[in-house]
Amino acid sequence: MILLSKIYRKLTLVALALSCGATIYAQHSTSSPYSMFGVGTLTPQEDATSMGMGHAGIALAPKDWLNTTNPAGAADLDSLTFHINAQLKWFYGREESEQPHHQSVYSTNIDGIVFGFRAKKWWGSCIGYAPYSTVGYNITDPKEFVFGSSSEIYSVNHVGSGGLQRAFFNNAFTVLNHVTFGISAGALWGSITKKETADFSNIGGERIYNTKKYTMNNWFFEYGVQFNFNIGQLNNFRFGAVYNQKTNLRSSYDHIVSNDISSELFFDDVTPLKGEFAVPESYGFGMAYNRKRFTAALDYRKNLWGDVMNVKFRETNNFIDNWTLGGGIEWACGNFGDPFYKRLRYRIGCIYETSYLGMNTKKIKNMETVTEKNLVYDKETGTWSIQPCEVQIPVFQKSGANLDALAFTAGITIPVGQWRNAIVVGYEYRNHGTKSGGLIKEKFHNFKIALNIRETWFVKSKFE
């Protein structure tokens with residue numbers, strides 16, 4: 001009864017944290033203007049521990065925390081322990097353009113919850129929820145409205161919100177002494193709302209609202225494998241791989257056009273889409289080395305975004321294949337039972353990621369003189385006529401925009417009391433994007449805070 005009381009209190013604490021996080025998640029969990037493309041900014045599917053090691057985890061199979069980077073990563077969980085992991089994410093960032101303009105942004109949101117256990121000696125499992133992608137941008141674009149011989153400036157405001165969620169059930173099966181196969185079965189679902197507001201009020205008009213809400217869902221499967229071997233008694237090597245096939249999302253959208261006077265100028269209810277949104281085919285490889293209290297890991301991933309259609313921007317910006325390379329190290333000062341300061345674990349790492357957005361920027365190459373026919377008004381005669389005139393126009397040269405990201409990571413595990421529970425903090429400094437070509441450069445400080453709860457559940461009492 002005492003054990004059940006402790007478990008109940010800890011589960012209540014987790015539930016309260018998640019309820020607070022659900023309220024926070026209603027806010028924008030990203031502010032990146034690049035989240036307007038596709039399904040938004042992708043969220044790394046990982047624990048705070050992996051984040052501190054350069055997001056590496058494909059070849060890790062920890063005993064004391066839940067690795068969701070590879071479905072085969074649950075192979076070595078403690079057979080007598082039930083694991084609970086709840087995470088929050090907080091970020092602070094700065095966005096800059098070449099005008100120069102800049103703004104500071106920040107947000108806090110829930111980053112998932114996972115439960116894990118060892119069902120059999122050869123079977124480890126975990127079940128959980130995590131955000132898959134997020135959309136959250138607010139951009140105002142000035143436009144020129146030409147009427148007659150004069151022109152006026154009006155604004156178009158673009159606002160987006162929403163994203164995809166993921167629920168998953170990971171299973172790891174040890175079929176040989178050193179080989180583990182994993183499969184993750186789950187679901188993706190969510191909605192994305194995109195609203196454009198054209199404001200003509202300063203030129204005697206009104207505001208026009210154009211709103212589309214996309215809804216999408218489908219099943220999602222991922223496969224993994226790990227192989228490990230020892231050299232001597234202290235050196236352990238492990239290799240891992242993951243793969244998921246391209247998954248088209250069942251999707252539809254509602255479309256409403258309105259203004260300040262009428263709430264509905266146009267309405268299109270639940271229009272089905274086919275092949276407009278998809279999760280790309282993806283594969284990755286990882287390797288890890290462990291010796292006593294020291295661990296090193298390195299991951300490579302590739303996402304075949306080039307096979308996915310960009311529904312909104314297919315004419316100007318295409319998706320392209322992207323890859324990531326990241327790794328890091330972890331070292332522990334002591335073992336369970338040692339003083340508090342000796343049970344701390346430290347991590348550092350880095351990761352480089354190419355962009356899946358094939359955006360082109362325009363650079364002025366030179367100026368060219370051309371003859372154009374313009375409509376000219378003669379004040380003396382009060383008549384209009386078409387007259388040829390020479391004008392200077394810029395010649396643009398297209399170039400690929402460098403939207404790659406470089407990030408440095410760090411982390412620490414802080415034990416809680418004398419128990420095996422811990423608070424894990426992961427930190428990342430990410431530099432992404434460019435200020436050239438009218439684009440945005442982003443610098444973010446990302447934090448993940450995880451509460452790892454480990455309870456001994458699967459013990460049978462023996463009486464003599």
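The condition (being closer than 28 Å to Ser79 by Cβ, of a type in the set (Val, Ile, Thr), part of a strand (DSSP E or B) and under 24 Å from the mean Cα position of the chain (by Cα)) is satisfied by just one residue among Ile453, Ile414, Ile423: Ile423. Enumerate the strands (runs of 3 or more DSSP E) found wholly within segment 260-374, keeping only those where 2 or more residues are at pLDDT 80 or above and either basic (Lys, Arg) or within 30 Å of Phe237 (Cβ to Cβ) (or both). So the answer is 282-291, 294-303, 322-332, 345-353. Yes or no: segment 41-63 includes at least one residue that is assigned to a strand (DSSP E or B), at pLDDT 85 or above and over 30 Å from Lys435 (Cα atoms). Checked segment 41-63: no residue is assigned to a strand (DSSP E or B), at pLDDT 85 or above and over 30 Å from Lys435 (Cα atoms).
Every condition in (1) touching a Ser or Thr at 6+ places or on another chain (Cβ under 7 Å); (2) assigned to a strand (DSSP E or B); (3) under 30 Å from Thr69 (Cα atoms) holds for Arg238 except the one numbered (1). For segment 49-104, filtered to residues that are charged (D, E, K, R) and under 19 Å from the mean Cα position of the chain (by Cα), the residue that is nearest to Phe181 (Cα to Cα) is Lys89.
The condition of being surrounded by 14 or more Cβ atoms within 10 Å (Cβ to Cβ), within 30 Å of Cys333 (Cα to Cα) and of a type in the set (A, V, I, L, M, F, W, C) holds for only one of Ala288, Ala185, that being Ala288.
Against the criterion of being open to solvent by 20 Å² or more (accessible area, probe 1.4 Å) and at pLDDT 90 or above, Ala450 does not qualify.
On inspection, Thr81 qualifies as farther than 22 Å from Thr43 by Cα and either of a type in the set (Val, Ile, Thr) or open to solvent by less than 20 Å² (accessible area, probe 1.4 Å) (or both).
Listed by first and then second residue, the pairs linking a residue in segment 109-135 that is basic (Lys, Arg) to a residue that is assigned to a strand (DSSP E or B), with Cβ atoms under 7 Å apart and 6 or more places separating them unless they lie on different chains, are Arg118/Gly124. Annotation: of all residues in segment 222-235 being at pLDDT 95 or above and either open to solvent by less than 60 Å² (accessible area, probe 1.4 Å) or of a type in the set (Lys, Arg) (or both), the one that is farthest from Ala296 (Cα to Cα) is Glu222.
The values are calculated or read from the model by the stated rules, or taken from the named source; none is laboratory data. Keep in mind the model is a prediction, meaning the values are calculated, not measured. Glycine gets a Cβ as well: all are built from the backbone with ideal geometry, and neighbour counts include every protein chain shown. The area values use the complete protein model at the heavy-atom level, side chains included, leaving out ligands, DNA and RNA. Shrake-Rupley method; radii C 1.70, N 1.55, O 1.52, S 1.80 Å.
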